[in-house]
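S.K.: Take a look at this one; I'll ask things after.
The values are calculated or read from the model by the stated rules, or taken from the named source; none is laboratory data. From a predicted model like this one, the values you see are computed outputs, not experimental measurements. Note: ideal-geometry Cβ built from the backbone for every residue, glycine included; neighbour counts use all protein chains shown. Just the protein is used for accessible areas: all its heavy atoms, side chains included, with ligands, DNA and RNA removed. Shrake-Rupley method; radii C 1.70, N 1.55, O 1.52, S 1.80 Å.
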Amino acid sequence: MNILSKKILIGAFLMFLLNISFSYSQSENEKINNLIEKKRSFNKQNKNSTIFKIQLYNGSESQAYKIRNSFQSSFPEYRTDIIYKSPEWKTQVGNFETRLEADRAFLIIKEKFSGAIVLEDKI
């Protein structure tokens, strides 16, 4: 075999290897993208995430409702909930998606409801 035919043979072999590695990397990228898409779909269906709430009061039922009514008249734009966890009643505000969002609302709310605190909750 002469030198030219050896170079052509080596070149063809290298092209073959590059083609195999390129097609392998494409199939791996497709698998990774497929897994990412499956994870996104799973997360949408199984919302097991953290939310933040502002707790205004923790105590008796009648006082919890009074606090809620007072809060709603001052801040009608926020959702309020009364929650009973034995043996106490809680008045809580919002379902904030981020701590930053909850802290921003907290700064405004705390001016009128000084006992308010930010809580982390799982849904």
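S.K.: Are there any pairs with C-beta distances below 7 angstrom linking a residue in the stretch 46-69 that is of a type in the set (Val, Ile, Thr) to a residue that is open to solvent by 60 Å² or more (accessible area, probe 1.4 Å), with the two at least 6 apart or on different chains, and if so which?
M.R.: Thr50/Glu120; Thr50/Lys122; Ile51/Asn95; Ile51/Glu97; Ile51/Ile123
S.K.: Can you name the condition, by its number, that Tyr78 falls short on among (1) touching a helix residue (DSSP H, G or I) at 6+ places or on another chain (Cβ under 8 Å); (2) within 17 Å of Gly59 (Cα to Cα); (3) surrounded by 13 or more Cβ atoms within 10 Å (Cβ to Cβ)?
M.R.: Of (1) touching a helix residue (DSSP H, G or I) at 6+ places or on another chain (Cβ under 8 Å); (2) within 17 Å of Gly59 (Cα to Cα); (3) surrounded by 13 or more Cβ atoms within 10 Å (Cβ to Cβ), only one is false for Tyr78: (2).
S.K.: Could you please find all residues in the stretch 82-111 being without any contact (Cβ under 8 Å) to a residue 24 or more places away in the chain and under 21 Å from Glu61 (Cβ atoms)?
M.R.: Within the stretch 82-111, Ile82, Ile83, Tyr84, Lys85, Ser86, Pro87 meet the criteria.
S.K.: May I ask you to verify whether Glu37 is modelled with pLDDT of 90 or more and open to solvent by 50 Å² or more (accessible area, probe 1.4 Å)? Give the steps one after another, and end with the answer.
M.R.: Details: modelled with pLDDT of 90 or more: no; open to solvent by 50 Å² or more (accessible area, probe 1.4 Å): yes.
No; evaluated as a whole, the condition is false for this residue.
S.K.: For Thr98, which of the numbered conditions (1) open to solvent by less than 40 Å² (accessible area, probe 1.4 Å); (2) hydroxyl-bearing (Ser, Thr, Tyr); (3) within 28 Å of Asn43 (Cα to Cα) fails to hold?
M.R.: It fails just one condition, (1).
S.K.: Turning to a different aspect of this structure: Among the residues of the stretch 45-67, what is the count of those that are touching an Asp or Glu at 6+ places or on another chain (Cβ under 8 Å) and surrounded by 14 or more Cβ atoms within 10 Å (Cβ to Cβ)?
M.R.: Total meeting the criteria: 4.
S.K.: Out of Gln92, Gln72, which single residue is open to solvent by 40 Å² or more (accessible area, probe 1.4 Å), out of contact with any helix residue (DSSP H, G or I) (no Cβ under 7 Å at 6 or more places or on another chain), at pLDDT 95 or above and under 13 Å from Ile109 (Cβ atoms)? Step through it out loud before you land on a result.
M.R.: Working: Gln92 fails: open to solvent by 40 Å² or more (accessible area, probe 1.4 Å).
Every option except Gln72 fails the conditions.
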